[in-house]
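Encoded as structure tokens, the structure appears first; notes follow it.
The values are calculated or read from the model by the stated rules, or taken from the named source; none is laboratory data. Since the structure is predicted, the reported quantities are computational estimates derived from the model, not experimental observations. Cβ: placed from backbone, ideal geometry, glycine included. Neighbour counts: every protein chain shown. Side chains are part of the model used for accessible areas, which takes the heavy atoms of the whole protein and leaves out ligands, DNA and RNA. Shrake-Rupley method; radii C 1.70, N 1.55, O 1.52, S 1.80 Å.
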Amino acid sequence: MNRLSEALMTVLRQAKLGALNALQSGTANSLSLYDKIAMILANNNFHTVDLTGPINGLLACMLAFAGYAKAKIKELSAEFIKWVFEQTLKMVNKIAYRALSSVG
Amino acid sequence: MAHATGHQTGFVLVGKGTSPTGRMNPFKNDLVLAIRGTASLYDASTDCRANLSVCDGGHSVHAGFNTLFETLKSELAPFLSELKPSATVHCVGHSLGGAVASLVADWAKRRFNANVKLYTFGAPKVSLTNFALSTTNALKSKNIFRCVNGGDVVPMVPFWPFMQAPYNPPEYRMDNNQIIAPWHHLMKYYTRNSQKQSWDSINKRVTFNPFKRVTLDISHANQVQPSIY
């Protein structure tokens, strides 16, 4: 069994650079897609250019969309970014549910 | 198949093209698979289950739609296996029905190598990029008629990373409305907007382009409202 696993990992590594890491992070922990996005946006060590302005702009627009137009962005932590995503998705789902309920 | 027993309702109506005596019918032997949309809050719960599952083509798709599609497959297979090579399968659906029609169309093409045309009205996004690309290439974008009302929110959900097919080509925009409101999802508005129109006369627009560069500034936030963004 271990040899089969090793063979599979070898072929995956040859097929695509970084595929193993991507697959592992996708399946081996309990993080959601938006947890991972929040972590990427919050960790500016890997940013190739200064993204503070665009990230602030995106979050401000998401907050306004979610009904928090007066909220101020004080920090770009993963927890805060994830909370903004959650509020945005809640609003998206609310609007979609209203539309679907009008049919049902 | 269109019958109701207790809590179970028929989902697909199957029609077959016939040729009245002495007349030529270009749609003779064609199949129409008309799949109904959301009709109850139970169906809405199917729509809202935006988890992923793997369809039998190996792609990641919306779990709720895929579960429903799996229950229909065995009923549809006899119709598709008897299909004449020159015949076309027309998969049609509104809302939830459009999403399931997308899965049926992809399956009919891959499993039965049928000529398939897909018509969806106000259908939500069904899958991640891999299925959207695969089904666009398999069916060809000219055979996919994704129709949306401008103010209908349902074709915009679930949120990214869900994608729609056709992957990049434009969708048929049935009206020029920009304000999102629940009633734009109703079939009667799709029926009204599509009356007396040919496919060529309907506007086409790319509403979501994964390659488009968009940068938002904090000063844009005061323009944002759930009904117009």
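A few comments on the model shown:
- Against the criterion of solvent-accessible heavy-atom surface with a 1.4 angstrom probe, B:52, B:216 sort, most first, into B:52, B:216.
- Centre separation in Å (Cα based) which lies between region B:166-229 and region A:54-104: 20 Å
- Simple Cβ-charge dipole of region A:31-103, Lys/Arg +1 and Asp/Glu -1, about Cα centre, in debye nearest 20: 320 debye
- For the peptides B:124-131, A:32-39, the ranking by mean Cβ contacts within 10 Å, running from highest to lowest, is B:124-131, A:32-39.
- Whether region B:88-219 is rounded, prolate or oblate, judged on the alpha carbon gyration tensor where a/c under 1.5 counts as rounded: oblate
- Nearest-0.05 FRET efficiency for residue B:198 and residue B:84, computed from C-beta distance (R0 30 Å): 0.65
- Taken residue by residue and averaged, Cβ atoms of other chains lying within 10 Å of the Cβ of A:54-60 number 5.
- Take each residue of peptide A:88-99, count the partner chain Cβ atoms within 10 Å of its Cβ, and average: the result is 6.
- Counting protein heavy atoms only, chain B has 55 percent of its accessible area on carbon and sulfur, 1.4 angstrom probe.
- Counting only heavy atoms of the protein chains and using a 1.4 Å probe, residue B:152 has close to 0 Å² of accessible surface.
- Net dipole in debye of chain B [+1 Lys, Arg Cβ; -1 Asp, Glu Cβ; about Cα centre; nearest 20]: 660 debye
- Residue A:80 - accessible surface, heavy atoms, 1.4 Å probe, Å² rounded to 10: 40 Å²
- Charge dipole (chain B, unit charges on Cβ, about Cα centre) - positive-most of B:114, B:222, B:161: B:114
- Sorted largest first by accessible area at a 1.4 angstrom probe radius, with every protein chain in place, the residues A:65, B:208 fall in the order B:208, A:65.
- Cross-link pairs exceeding 23 Å between alpha carbons, from the set B:16/B:73; B:84/B:196; A:36/B:204; B:109/B:204: B:84/B:196; A:36/B:204; B:109/B:204.
- Qualifying trypsin sites (Lys or Arg not before Pro) in region B:179-229, DSSP loop, other Cβ atoms within 10 Å at most 11: B:196, B:212, B:213
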